[in-house]
Amino acid sequence: MVNIIWVSLFVIGIIFAGINGTMDKVNSAVFDGAKEAVVICIGLISVLTFWLGLMRIAEKAGLLRALSWVLRPVAKRLFPDIPKDHPAMGYILSNMSANMFGLGNAATPMGIKAMEELKKLNGGSNEASRSMITLLAINTASITLIPTTVISIRMQYGSVSPTEIVGTTILATAVSTAGAILTDRYFHYRRTNRRM
Amino acid sequence: MAWITAISVWLIPLIIAIVLVAGTLKRVPTYEIFVEGAKEGVKMSFSIIPYLVGMMVAISVFRESGAMEFFVSLFRPALEMAGVPAEIVPLALIRPLSGTGALGMTSDLIATHGPDSFIGRLASTMQGSTDTTFYVLTVYFGAVGIKKMGDALKVGLIADVIGITAAIIIVSLVFL
């Protein structure tokens, strides 16, 4: 699936450039795209380094376990495959709470840590497990309470009420998260039924 | 709404303080443990590079060649019939593909139509209520070396469609 999409993006793009005569733009796109990706990763180094360091302290201090204990009733239903008190649950919950406050920079390292723990749970296989897909679905729908970036853009352009979209954003995000969870469940049951 | 900004400003320093104080109380050798965990962050950032470079080059070729624009114009009539304002169509289609692209487009829509216009509010809500599926997928799975994604991409894209539809309906109900 990923392979097909990846190749199609290139091939369709190049064919189009041939028809439109925009081949020079494709040439610069190759280098600009690569550069942008590296710039993002370099930017991630600072954030990942600091947060993963801090999170290691949180883990050793037992904070992750405390957090997952508080929110366990909800999380247990979302991730039935994760054993009780497993560190993965703590990371998932910190990832979700960081997302809620629009702290994407803090959410990413915790999401990655969670994925790592889930991979261990899955015997180190390079295949996505059920819990991984659920975590991903929740992240792409991104439960947001405070869309900080958007609010700052609205301020920049002189909005009378920059935060008036907070309510609609919360509603929309709640619907999309619910949708993501339901879709995830649907695909999960389809997978298991096929196997039986 | 001042409390919302206050929470955003206070949250990160507060988390840092709580973690450090809790660590000290539990007699964790805080600084050594920090460095140990932080090293992992450096390694992780480098391991993401190949995944992100591969994906972002493909997407920027697709966009710069004009192919993205063509597909947007292809979907436009159908989406407009469904009640999606024409100005918002490109944003809706690019949101799952490119985070920077979508952010640029949102700023552009807010700049041209004004932040307090219907389009401005809709763009703001859409930008805030879903995330870039391709980016999340690439970074999260890339960092831990997941090669078989299973249904993850399908689930993510369907969630995007639901989110964008919800944004349009909710903003229309609240602000029209």
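The values are calculated or read from the model by the stated rules, or taken from the named source; none is laboratory data. For clarity, every value in this text was computed on a predicted model and none was experimentally measured. For neighbour counting, all protein chains shown are included, and Cβ atoms are generated from backbone atoms with ideal geometry for every residue, glycine included.
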Please go through region B:5-26 and give me each residue that is more than 7 Å from chain A (Cβ to nearest Cβ) and of a type in the set (Ser, Thr, Tyr), ordered by number. B:THR5, B:THR24
Only one of (1) within 8 Å of chain B (Cβ to nearest Cβ); (2) surrounded by fewer than 18 Cβ atoms within 10 Å (Cβ to Cβ) is not met by A:PRO83, so which one is it? (1)
Segments classed as helices (runs of 4 or more DSSP H), wholly inside region B:73-168, with at least 1 members that are without any contact (Cβ under 8 Å) to a residue 60 or more places away in the chain and more than 30 Å from A:ARG190 (Cα to Cα): B:89-94, B:99-113, B:118-129
Is one or more of the residues making up region A:106-117 under 17 Å from B:TYR140 (Cα atoms), modelled with pLDDT of 80 or more, in a loop (DSSP other than H, G, I, E, B) and at the interface with chain B (Cβ under 9 Å from one of its Cβ atoms)? no
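Return a yes/no flag: does region B:150-157 have any residue that is buried (at least 24 other Cβ atoms within 10 Å of the Cβ), over 13 Å from the mean Cα position of the chain (by Cα) and facing another protein chain (nearest Cβ under 7 Å). Walk me through it before giving the result.
Filtering region B:150-157 down to residues buried (at least 24 other Cβ atoms within 10 Å of the Cβ) leaves B:152, B:155-156.
Pick out the ones that are also over 13 Å from the mean Cα position of the chain (by Cα) and you get B:152, B:155.
From the residues that got through so far, the ones that are facing another protein chain (nearest Cβ under 7 Å) too are B:152, B:155.
Within region B:150-157, one or more residues are buried (at least 24 other Cβ atoms within 10 Å of the Cβ), over 13 Å from the mean Cα position of the chain (by Cα) and facing another protein chain (nearest Cβ under 7 Å).
Filter region A:92-101 for residues that are at pLDDT below 80 and in a helix (DSSP H, G or I); which is surrounded by the most Cβ atoms within 10 Å (Cβ to Cβ)?
The initial filter retains those residues of region A:92-101 that are at pLDDT below 80, namely A:97-101.
Then drop every residue that is not in a helix (DSSP H, G or I), which leaves A:97-100.
On the way: A:SER97: 19, A:ALA98: 22, A:ASN99: 25, A:MET100: 16.
Step by step, filter region A:92-101, then rank; the result is A:ASN99.
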Under the condition of being modelled with pLDDT of 85 or more and over 13 Å from A:VAL150 (Cα atoms), which residue from region B:98-115 is nearest to the other protein chains (Cβ to nearest Cβ)? B:GLY114
All but one of (1) of a type in the set (Val, Ile, Thr); (2) under 17 Å from B:LYS154 (Cβ atoms); (3) buried (at least 19 other Cβ atoms within 10 Å of the Cβ) hold for A:ILE181, so report the exception by its number. (3)
Pairs with Cβ under 7 Å, 6+ apart, first in region A:173-196 and part of a helix (DSSP H, G or I), second among the hydroxyl-bearing types (Ser, Thr, Tyr): A:THR173/A:SER142; A:THR173/A:THR144; A:THR173/B:SER129; A:SER176/B:SER129; A:SER176/B:THR130; A:ALA180/A:THR140; A:ASP184/A:THR134
Could you list all residues from region A:133-148 that are within 7 Å of chain B (Cβ to nearest Cβ) and either among the aromatic types (Phe, Trp, Tyr) or assigned to a helix (DSSP H, G or I) (or both)? A:ILE133, A:LEU136, A:ALA137, A:ASN139, A:THR140, A:ALA141, A:THR148
Quick count over region A:41-80, residues being among the β-branched types (Val, Ile, Thr), over 20 Å from A:SER131 (Cα atoms) and more than 7 Å from chain B (Cβ to nearest Cβ), is 2
State the number of residues belonging to region A:61-74 that are at pLDDT 80 or above and crowded, with 20+ Cβ neighbours inside 10 Å. 2
When both residues are 6+ apart or on different chains and their Cβ atoms are under 6 Å apart, which pairs have a first residue that lies in region A:10-21 and is more than 19 Å from A:ALA34 (Cα to Cα), and a second that is among the small types (Gly, Ala, Ser) and surrounded by 14 or more Cβ atoms within 10 Å (Cβ to Cβ)? A:PHE16/B:SER65; A:PHE16/B:GLY66; A:PHE16/B:ALA67; A:ASN20/B:GLY66
May I ask you to verify whether A:MET196 is modelled with pLDDT under 90 and touching a Pro at 6+ places or on another chain (Cβ under 7 Å)? no
Identify, please: which residue in region B:27-53 is within 23 Å of the chain's Cα centre (by Cα) and crowded, with 17+ Cβ neighbours inside 10 Å and is, among those, farthest from the other protein chains (Cβ to nearest Cβ)? B:TYR51
